[in-house]
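What follows is a short report on a single structure.
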Amino acid sequence: MPEPHVPAEAADIAWMRNLAAEGAAEPLRGGATLLAAGLLFGGASLYQWAVLSQALPIAPSSLAIVWPIITVAFVAFATIHGIRTGRSSGVRTAANRASATVWTSVGLGIFTLFVSMGLMGWRMGADVSAVALGLIPSVIMVFYGLGWAVSGAMFRSTFLWRLSVASFVAAPVLAAFTGSTWQYLVYALCLFGLMALPGALLMRKVRAAEGPGSGQG
């Protein structure tokens, strides 16, 4: 007996309902990566503020080394952690797969942003490069706002939506500090509060959902 035909619209609605139900029941994973990003890059920004404000008696030339080292350290952590969790984790929901894709895209977007800003500064001189560097923290906050917004929609989470709004608000606030060493301190606080802390909270939520002994997140 042939199976009854299901209209495409009804199938789409059913898929959306299933996705929403998954998002409401399953916590967002990837908290460890968010925590690492917030701590590493927040720490680097705090270091830059301390050096430029002379709170630390260290030559500003050290900044040219710190940021590449931090970037390599984060990429290494994200790669190793991704391989480990990919091997040991069970079934992932569509919501988690979609959010993982979004946050991977956010990371790639930030990387290409840095490359583009570097090329623009190389082509147009130091003055343009300084403007571009001053704008980077704000643009990164916009990227984070987009990531949190998509995750908030996928998981039907008011908490994640609030992180999105806070990230968007942080962007013009950071721009207002352009040209001041305080921009790097404010940026560090944003990374700690909008990436590291939420990452730690998400890790705890995943562990609570999976029970004692879980190392995922």
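Can you order the peptides 103-111, 145-153, 160-168 by their average number of other Cβ atoms within 10 Å per residue, highest first?
Sorting 103-111, 145-153, 160-168 by mean packing, highest first, produces 145-153, 160-168, 103-111.
Note on Arg156 and Leu108: with the Förster distance fixed at 22 Å, the Cβ-Cβ geometry gives a FRET efficiency of about 0.25. For the peptides 197-208, 171-182, 40-51, the ranking by packing is 40-51, 197-208, 171-182, with the highest mean count of neighbouring Cβ atoms within 10 Å listed first.
Between Trp182 and Ser62, the simple label model (points 7 Å from Cα in the Cβ direction) yields a spacing of 2.5 nm. Taking other residues whose beta carbon is less than 12 angstrom from the beta carbon of Trp103, and scoring Lys, Arg as +1 and Asp, Glu as -1, yields +2.
Annotation for region 131-174 versus region 182-202: alpha-carbon center distance of 11 Å.
Each reported figure results from applying straightforward, stated rules to the coordinates on display, with no laboratory input. Note that this is a predicted model, so its numbers are computed, not measured. Neighbour counts are summed over all protein chains in view; Cβ atoms, including those assigned to glycine, are modelled from backbone coordinates with ideal geometry.
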